[in-house]
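The values are calculated or read from the model by the stated rules, or taken from the named source; none is laboratory data. Predicted, not measured: the structure shown is a model, and the values here were computed from it. Note: ideal-geometry Cβ built from the backbone for every residue, glycine included; neighbour counts use all protein chains shown. Side chains included, ligands, DNA and RNA excluded: accessible areas come from the protein's heavy atoms. Shrake-Rupley method; radii C 1.70, N 1.55, O 1.52, S 1.80 Å.
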Amino acid sequence: QVQLVESGGGMVQPGESLKLSCAASGIGFMFYTMSWYRQAPGKQRELVAGITTFGNTNYADTVEGRFSISRDNARNTVYLQMNSLKSEDTAVYYCNAKRTRFDYWGQGTQVTVSS
């Protein structure tokens, strides 16, 4: 059974940091491209950051320079370090694992940035 379990969400003030984690089980983690998406109320889900099996990364323009994605294949875990958080970063953040026709999602973790 495939499971992606996100953790690390919460409520912070603007300018603060959070680190999200996504622990995967039931998949050959090292063979999957891992990504973080987010969905704010009333908006479509959008890609935040991705990391390939080779460690190549890509970021949405809105988070470039503030967020950093990384992976630990030994721990089957992908991380999202979020710095200098803004109110517009408020959303539910979802972990995604993708490989060819296989596409898995976590249940999401809420991030709220508010003063």
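Brief remarks on what is shown
- Of all residues in the stretch 6-18, those that are outside any strand (DSSP E or B) and over 11 Å from the mean Cα position of the chain (by Cα) total 5.
- Within the stretch 19-73, considering residues that are of a type in the set (Lys, Arg) and in a loop (DSSP other than H, G, I, E, B), the one most open to solvent (accessible area, probe 1.4 Å): Lys43
- Residues of the stretch 63-79 satisfying the condition of being among the acidic types (Asp, Glu) and over 22 Å from Ser25 (Cα atoms): Glu64
- Taking the criterion of being aromatic (Phe, Trp, Tyr) and either farther than 21 Å from Gly28 by Cα or surrounded by 19 or more Cβ atoms within 10 Å (Cβ to Cβ) (or both), the residues of the stretch 80-115 that qualify are Tyr93, Tyr94.
- Ser84 on the phi < 0 side of the Ramachandran plot, polar (S, T, N, Q) and at pLDDT 95 or above: no
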